[in-house]
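Have a look at the structure below before the remarks.
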Amino acid sequence: FYQAALAYWPSLGDELEADLGYRRCGSVIVAETAESWSMLQHKARALQALGLEIELLPAVEARNLCPWLAPDLAGVTFCSTDGFVEPERPPRAFAAAAERLGAYFWPHCSVESLTAVSGQGFHARTPKGDIQAKLVVNAAGAWAGQIANMVGVSLPITLDPLQAMATEAT
């Protein structure tokens, strides 16, 4: 998925007719302890085996790349192909593109039940009313497993977030 996304993100804004704020700038993941460095090395090697360009850098080399890093770090990984988008932009751009193609949305509206109707698509019950649809996109995030279970599909979802934060330049 990463490799496909890497090729797709640069042109996705054009396709959605929106500025996604995409920037390919690389990423650094920091290991502060020997234990976390060992885990990070293991993860990086597994990702390298899948074809990702990830460098393992000991603390001294990491500070050459990022001089502001603390001097007592165990090491970092650097992935030059990583990038980011302004997080609020892609969902809005996808929604606007979908609406241009005839989709409609009921934001903040829960699905109480979802039933597959043989040969007819789906029937959804919501607090705003019932919906018949030929196709359902399960975009429920952390709740996607619950929605999938409503139509008998097991979708084991676990939350294992990658923590990141945006800050103003200093």
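Could you grab me the full set of residues in the stretch 44-76 that are part of a strand (DSSP E or B) and either over 18 Å from Leu6 (Cβ atoms) or under 19 Å from the mean Cα position of the chain (by Cα) (or both)? Give the derivation first.
Our first condition is that a residue be part of a strand (DSSP E or B); within the stretch 44-76, this holds for 54-58, 75-76.
Answer for the stretch 44-76, where residues must be part of a strand (DSSP E or B) and either over 18 Å from Leu6 (Cβ atoms) or under 19 Å from the mean Cα position of the chain (by Cα) (or both): Ile54, Leu56, Leu57, Pro58, Gly75, Val76.
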With the checklist (1) farther than 30 Å from Ala133 by Cα; (2) free of Cβ contacts under 8 Å to residues at least 40 places away in the same chain; (3) not basic (Lys, Arg) in hand, flag the one item Leu52 doesn't pass.
(2)
If the requirement is being in contact with an Asp or Glu (Cβ under 8 Å, 6 or more places away or on another chain) and surrounded by 12 or more Cβ atoms within 10 Å (Cβ to Cβ), which of these qualifies: Leu40, Leu16, Leu12, Leu73?
Leu73
Regarding the stretch 101-120, can at least one residue be identified that is in contact (Cβ under 8 Å) with a residue 60 or more places away in the chain, in contact with a strand residue (DSSP E or B) (Cβ under 8 Å, 6 or more places away or on another chain) and of a type outside the set (Val, Ile, Thr)?
no
For the stretch 57-70: of the residues being open to solvent by less than 40 Å² (accessible area, probe 1.4 Å) and out of contact with any Pro (no Cβ under 8 Å at 6 or more places or on another chain), which is nearest to Leu47 (Cα to Cα)?
Leu57
Does the stretch 106-144 hold any residues that are within 30 Å of Leu20 (Cβ to Cβ) and open to solvent by 100 Å² or more (accessible area, probe 1.4 Å), and which are they?
His108, Lys128, Lys134, Leu135, Val137, Trp143
I need every pair where a residue in the stretch 127-148 that is more than 21 Å from Arg92 (Cβ to Cβ) has its Cβ under 7 Å from the Cβ of a residue that is not hydrophobic (A, V, I, L, M, F, W, C) and not in a loop (DSSP other than H, G, I, E, B), sequence separation at least 6 or different chains.
Asp130/His123; Gln132/Gly121; Gln132/His123; Ala133/Gly121; Lys134/Gly121; Leu135/Gly121
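Residues are listed down the side, and each one gets a yes or a no for (1) part of a loop (DSSP other than H, G, I, E, B); (2) under 26 Å from the mean Cα position of the chain (by Cα):
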residue: His108; (1), (2): yes, yes
residue: Val111; (1), (2): yes, yes
residue: Gly119; (1), (2): yes, no
residue: Gln132; (1), (2): no, no
residue: Leu135; (1), (2): yes, yes
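Name the residues in the stretch 19-37 that are within 19 Å of the chain's Cα centre (by Cα) and open to solvent by 50 Å² or more (accessible area, probe 1.4 Å), would you? Before you say what the answer is, go through the steps one by one.
Applying the first criterion (within 19 Å of the chain's Cα centre (by Cα)) to the stretch 19-37 yields 19-29.
Scanning the stretch 19-37 gives Asp19, Tyr22, Arg23, Arg24, Cys25, Val28, Ile29.
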Given the conditions (1) within 16 Å of Tyr2 (Cβ to Cβ); (2) outside any loop (DSSP other than H, G, I, E, B); (3) touching a residue at least 40 places away in the same chain (Cβ under 8 Å), which single one is not true for Ala96?
(1)
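The values are calculated or read from the model by the stated rules, or taken from the named source; none is laboratory data. Every value quoted in this text rests on a predicted model; they were computed, and no experiment measured them. Glycine gets a Cβ as well: all are built from the backbone with ideal geometry, and neighbour counts include every protein chain shown. Protein only, heavy atoms only, side chains kept; ligands, DNA and RNA dropped before computing areas. Shrake-Rupley method; radii C 1.70, N 1.55, O 1.52, S 1.80 Å.
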